[in-house]
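So the structure is just underneath, and the comments pick up after that.
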């Protein structure tokens, strides 16, 4: 197995192959992708669809002198296979050596560590600008999927590219999909271009001032080689529009493109996952149930997502059932927030959902378009936790620091199913504030919870005690419970345990009450300490003798870490915190 692939140590080796060998290489690359993805999972459909085009790119161009910039990096696995990193796919013991995205630390053939969408054209335009300043002549190639074109950064960069006067190649990989189905007017034009073999008079790219060429056979190596030879060393910007099949080479992925965009480890024959997280309750299921019930009862309720229905597991069937009460704005978080603000202003009850790592792109719209206007939009964020997504480009641990300091924005951190659903219900129906709710990252727990949150920044004292107060935020509340139990059993007194609920403010009355019989306040939060929740508590007690010990993560770009090892590294296990408390109290 891998007779040809094992000989590919660099792109130079690809250029030595004849036509038949190139076809064998493509088949072996898909086998290598199967080997890795069936065992550890990853992005499936985008990579299987880009095998032939990637072979042709490396056959014609001269990487790394010619520079490839992959958008999102969802389609970069074939590129890695041809640039000295095949062992991360064919040798099970070396899987961990290869990240799921382009990474300059891995190879000179990668220029950026990228995992967010719509970035490649702008990044590549910067490379081209620097090349021109130096007077060099290498090719600069941005590779972007059609789904990513809906992102504002991509359209802004196309606008810039239309005014450039030197070599700049933009490959649009059109597989007719984003993560789910595409949404937006530009996709009508892409369909028209496909149907006319690129000859439609209405041409989005030419409207930007760009040259344009179309190739229907994006999964045919020789067609792609011929195409790339035509535009290599071109002296002006051009969009190279290729039509590919997402998931090509695996029937299940070809017919169910959304499900197979990304996959858990799976059985190749059946497609069934080989790992399970159980069939019990989860917060995504609770969210979907709430959405469907609310939409049926309240026609003012509308759900908005920036191309992330999977963020809460909203199936195609449910999306169709929601009808006009569901809006996918494409990969455009900024637009999602601003549209929601406008809808709220005109009497609708919008709920926006996506992953925390992606909503960071809409910071300005949350601040300016939403919070200055104080419109009642509910934003539900998934993967806000340290043990969810652990790749450096997908961390959700910065959300608390980023968003809890925006005026008017109420950030809620639920600790149980009941509290989460009550927060959702209150937030969607209230008319006073924009609200962000952090979906807990731990297993679903059940406990009594308040149904109204009108008293903003009011903490809940779950257990009254003495000497030490443990303030445990959101999905770290259960860790706070474990710590309180350990304090009682190991140190011989009952500490106070507080569920703050509101991550964006402080409850002065509760904090003042602690002064009477407490000497230490401990805060626990699922995010970075710098600018986070705990620092607000510490700052409040600053002029006094009350000691405050904050526990959270460092301000770092962690990458592919083991969550439990990270807790130990930052001194956040129950045993470590208990030892700290013992020293301080005694």
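When you look at residue 271, is it at positive phi, in contact with a helix residue (DSSP H, G or I) (Cβ under 8 Å, 6 or more places away or on another chain), surrounded by fewer than 17 Cβ atoms within 10 Å (Cβ to Cβ) and outside the structural domain of residue 377 (by TED's automatic domain parsing), yes or no? So residue 271 fits the description; yes.
Just one of (1) in a helix (DSSP H, G or I); (2) buried (at least 24 other Cβ atoms within 10 Å of the Cβ); (3) under 21 Å from the mean Cα position of the chain (by Cα) fails for residue 122. It is (2). Of the residues making up the stretch 195-210, those that are buried (at least 17 other Cβ atoms within 10 Å of the Cβ) and not in a loop (DSSP other than H, G, I, E, B) are 204, 205. Residues in the stretch 248-295 that are within 21 Å of the chain's Cα centre (by Cα) and in a loop (DSSP other than H, G, I, E, B): 257, 258, 259, 260, 261, 264, 265, 277, 282. Counting only strands (runs of 3 or more DSSP E) that fall entirely inside the stretch 433-476 and contain at least 2 residues that are closer than 30 Å to residue 365 by Cβ, the qualifying elements are 435-438. The residues of the stretch 156-181 that are surrounded by 24 or more Cβ atoms within 10 Å (Cβ to Cβ) and under 20 Å from the mean Cα position of the chain (by Cα) amount to a single one, 178. Take residue 474 and tell me if it is without any contact (Cβ under 8 Å) to a residue 24 or more places away in the chain and within 27 Å of residue 579 (Cβ to Cβ). Against the criterion (without any contact (Cβ under 8 Å) to a residue 24 or more places away in the chain and within 27 Å of residue 579 (Cβ to Cβ)), residue 474 does not qualify. Per the conditions (1) surrounded by fewer than 18 Cβ atoms within 10 Å (Cβ to Cβ); (2) over 24 Å from the mean Cα position of the chain (by Cα); (3) without any contact (Cβ under 8 Å) to a residue 60 or more places away in the chain, the sole criterion not satisfied by residue 229 is (3). So, in the stretch 503-557, exactly how many residues are buried (at least 22 other Cβ atoms within 10 Å of the Cβ) and out of contact with any helix residue (DSSP H, G or I) (no Cβ under 8 Å at 6 or more places or on another chain)? Of the residues in the stretch 503-557, 2 are buried (at least 22 other Cβ atoms within 10 Å of the Cβ) and out of contact with any helix residue (DSSP H, G or I) (no Cβ under 8 Å at 6 or more places or on another chain).
Applying the condition of being at negative phi and assigned to a strand (DSSP E or B) to the stretch 10-67 and asking which residue is nearest to the chain's Cα centre (by Cα) yields 43. For the stretch 299-307, does any single residue satisfy the condition of being part of a loop (DSSP other than H, G, I, E, B), within 26 Å of the chain's Cα centre (by Cα) and outside the structural domain of residue 14 (by TED's automatic domain parsing)? So far as the stretch 299-307 goes, yes, one or more of its residues are part of a loop (DSSP other than H, G, I, E, B), within 26 Å of the chain's Cα centre (by Cα) and outside the structural domain of residue 14 (by TED's automatic domain parsing). Annotation note: of 106, 153, the sole residue that is under 23 Å from the mean Cα position of the chain (by Cα) and either assigned by TED's automatic domain parsing to the domain that holds residue 561 or not in a loop (DSSP other than H, G, I, E, B) (or both) is 153. In the stretch 70-97, the residue that is nearest to the chain's Cα centre (by Cα) out of those that are crowded, with 24+ Cβ neighbours inside 10 Å and outside any loop (DSSP other than H, G, I, E, B) is 70.
The values are calculated or read from the model by the stated rules, or taken from the named source; none is laboratory data. The model shown is predicted, which means the values in this text are computed figures rather than measured ones. Reconstructed Cβ throughout: ideal geometry from the backbone, glycine too, with neighbour counts over all protein chains shown.
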